[in-house]
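Following: one structure in structure tokens, then a few remarks.
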């Protein structure tokens with residue numbers, strides 16, 4: 001997954017609970033909130049590998065009450081998997 005230099009404010013991945021093979025690159029998105037709150041490696045299947053590069057997105061301090069646009073079920077699942085930090 002590559003999301004680089006977009007005007008996105010939310011990823012809108014409302015049902016994401018695991019990642020297969022491949023890299024996660026989310027960089028340079030000045031309006032994108034809370035992508036650094038997700039432990040992307042914890043979402044990877046146990047036997048899969050990939051590089052994670054999440055940086056230079058909107059600062060958490062600037063996000064305030066930014067809407068994650070994730071369903072309550074997905075938030076519960078992400079927390080259970082240890083993939084979601086405090087938001």
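The values are calculated or read from the model by the stated rules, or taken from the named source; none is laboratory data. Treat the numbers as computed from the prediction; the structure is a model and nothing was measured. Please note: Cβ atoms are built from the backbone with ideal geometry, for glycine as well, and neighbour counts cover all protein chains shown.
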Show the residue pairs that are 6+ apart or on different chains and have beta-carbon atoms under 6 Å apart, the first residue being within the stretch 17-37 and at positive phi and touching a residue at least 12 places away in the same chain (Cβ under 8 Å), the second being surrounded by fewer than 20 Cβ atoms within 10 Å (Cβ to Cβ) and in a loop (DSSP other than H, G, I, E, B).
22/50; 28/5; 28/56; 34/87
Across the stretch 1-10, which residue is nearest to residue 61 (Cα to Cα) among those that are assigned to a loop (DSSP other than H, G, I, E, B) and modelled with pLDDT of 85 or more?
9
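Mind checking which residues of the stretch 40-52 are under 25 Å from residue 63 (Cα atoms) and touching a strand residue (DSSP E or B) at 6+ places or on another chain (Cβ under 7 Å)? So that I can check it myself, show each step before the final result.
Initial filter on the stretch 40-52 (under 25 Å from residue 63 (Cα atoms)): 40-43, 52.
Scanning the stretch 40-52 gives 40, 41, 43, 52.
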Kindly evaluate residue 26 against the criterion of being surrounded by 14 or more Cβ atoms within 10 Å (Cβ to Cβ) and either within 11 Å of the chain's Cα centre (by Cα) or not in a helix (DSSP H, G or I) (or both).
yes
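Counting only residues that are part of a loop (DSSP other than H, G, I, E, B) and touching a strand residue (DSSP E or B) at 6+ places or on another chain (Cβ under 9 Å), which one in the stretch 53-66 is surrounded by the fewest Cβ atoms within 10 Å (Cβ to Cβ)?
The initial filter retains those residues of the stretch 53-66 that are part of a loop (DSSP other than H, G, I, E, B), namely 56-59, 64-66.
Next, from what is left, pick out any that are touching a strand residue (DSSP E or B) at 6+ places or on another chain (Cβ under 9 Å): 56-57.
Numbers: 56: 14, 57: 21.
In this case the residue turns out to be 56.
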